[in-house]
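The values are calculated or read from the model by the stated rules, or taken from the named source; none is laboratory data. Just so it is clear, the structure is predicted and the values come from calculations on it, not from any experiment. Please note: Cβ atoms are built from the backbone with ideal geometry, for glycine as well, and neighbour counts cover all protein chains shown. Ligands, DNA and RNA are excluded from the accessible area calculation, which covers all protein heavy atoms including side chains. Shrake-Rupley method; radii C 1.70, N 1.55, O 1.52, S 1.80 Å.
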Amino acid sequence: MKAIRRPIRTAPVPQKDGPRANRDIRGVRDVQLIDETGANKGVVSYFDALKLAEEAGLDLVEISPNAEPPVCKILDYGKFKFEQQKKAAEARKKQKTVEVKEIKLRPGIDDHDYEVKMKAVRRFFEEGDKVKITLRFRGREMAHQELGTKLLERVKAEMVDVSKIETEPMLEGRQMVMIMAPR
């Protein structure tokens, strides 16, 4: 029996994230060059641009690769990457994820318990979160669904100033669900 020889596969070249710099810029003959002071030098050959960057002790960074010809700038690549990371971190910090908080009620809820739950709902709206109000029916309570509907209408009426209804109350099995979002 003869051994089968598998072809040798070369590892794929890892793609760098971010803009290409210096000798990583390939397949380009001419570039639109912006020097370290920000002055536009016009269309220059790639090798001349690289030479100018090396003479300045800086890097040639491809700013706009899809332009014709690509726009390259002479700058400090390490400093440029650091600035990009700072901008990305600042954008992430300003992002707010909206959470859906859940409040569970029962048709025969006591007044004080109801007030405590409504205080929590108002706090969730102030934080900018959505609220899912779940009204669970047990046993014979299913025969009196109008009590549940009345309770959810009461919640809706109390919260009309701070919220808007995203999903009207609807019955899902043994529970009634309503989703509200802050105004």
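Restricting attention to the stretch 169-177, does a residue exist that is at pLDDT 90 or above, open to solvent by less than 30 Å² (accessible area, probe 1.4 Å) and part of a strand (DSSP E or B)?
Looking for residues that are at pLDDT 90 or above, open to solvent by less than 30 Å² (accessible area, probe 1.4 Å) and part of a strand (DSSP E or B), one finds at least one in the stretch 169-177, hence yes.
How many residues are at pLDDT below 80 and surrounded by fewer than 10 Cβ atoms within 10 Å (Cβ to Cβ) if we restrict to the stretch 1-60?
Matching residues across the stretch 1-60 total 12.
Taking the stated definitions as given, is Lys132 within 16 Å of Ala181 (Cβ to Cβ), in contact (Cβ under 8 Å) with a residue 40 or more places away in the chain and assigned to a strand (DSSP E or B)?
yes
Which condition from (1) over 32 Å from the mean Cα position of the chain (by Cα); (2) within 26 Å of Glu172 (Cβ to Cβ); (3) surrounded by 13 or more Cβ atoms within 10 Å (Cβ to Cβ) is the one that Asp110 breaks?
(3)
Return the residues of the stretch 120-141 that are farther than 14 Å from Leu105 by Cα and not acidic (Asp, Glu); say none if nothing qualifies. Outline the logic, then answer.
Going residue by residue through the stretch 120-141, those that are farther than 14 Å from Leu105 by Cα are 122-130, 139-140.
Answer for the stretch 120-141, where residues must be farther than 14 Å from Leu105 by Cα and not acidic (Asp, Glu): Arg122, Arg123, Phe124, Phe125, Gly128, Lys130, Gly139, Arg140.
Restricting the search to the stretch 151-169, which residues are among the β-branched types (Val, Ile, Thr) and touching a helix residue (DSSP H, G or I) at 6+ places or on another chain (Cβ under 6 Å)? Spell out the reasoning first.
Start the filter on the stretch 151-169 by keeping residues that are among the β-branched types (Val, Ile, Thr), which leaves 155, 160, 162, 165, 167.
Correct list: Val162 only.
Search the stretch 135-168 for residues being of a type in the set (D, E, K, R) and not in a helix (DSSP H, G or I), and hand back the single one that is farthest from Ile103 (Cα to Cα).
My answer is Asp161.
Tally time: how many residues in the stretch 159-168 are under 28 Å from the mean Cα position of the chain (by Cα) and either open to solvent by 90 Å² or more (accessible area, probe 1.4 Å) or under 18 Å from Arg106 (Cα atoms) (or both)?
Step one: list which residues in the stretch 159-168 are under 28 Å from the mean Cα position of the chain (by Cα), which gives 162-168.
Retained after the next criterion (residues that are either open to solvent by 90 Å² or more (accessible area, probe 1.4 Å) or under 18 Å from Arg106 (Cα atoms) (or both)): 164, 166, 168.
So the answer is 3.
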